[in-house]
Amino acid sequence: MNASTRVLRRSRRNRIFAGVCGGLGEFFGLSPFWFRLAFLIALIPGGVPGFLVYLIAWIIIPSE
């Protein structure tokens, strides 16, 4: 897929909860593991930062 035709979507194939990390991984060409790890680390200082960002991404990023 050409870089100019990439569209950010939540993944239906590579999902654990809502497909946000899978979609980010497909969009940026990285393993979704790294995005899951980043959200997990953001959950450590009280939970709100990571959960809030994930929730906003879940609402804003359309599904495949």
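The values are calculated or read from the model by the stated rules, or taken from the named source; none is laboratory data. Quick caveat: nothing in here was measured; it's all calculated off a predicted structure. Every residue, glycine among them, receives a Cβ derived from its backbone with ideal geometry; neighbour counts consider all protein chains shown. Heads up: the accessible areas ignore ligands, DNA and RNA and are worked out on the full protein's heavy atoms, side chains in. Shrake-Rupley method; radii C 1.70, N 1.55, O 1.52, S 1.80 Å.
Brief remarks on what is shown
- Scan region 45-64 for residues that are open to solvent by 60 Å² or more (accessible area, probe 1.4 Å) and either outside any helix (DSSP H, G or I) or within 16 Å of residue 8 (Cβ to Cβ) (or both) and the total you get is 8.
- Test: residue 24 is open to solvent by 60 Å² or more (accessible area, probe 1.4 Å), of a type in the set (A, V, I, L, M, F, W, C) and free of Cβ contacts under 8 Å to residues at least 40 places away in the same chain: no
- Filter pass, residue 42 being part of a helix (DSSP H, G or I), surrounded by 11 or more Cβ atoms within 10 Å (Cβ to Cβ) and under 11 Å from the mean Cα position of the chain (by Cα): no
- Within region 26-64, the residues that satisfy the criterion of being modelled with pLDDT under 90 and among the hydroxyl-bearing types (Ser, Thr, Tyr) are 54, 63.
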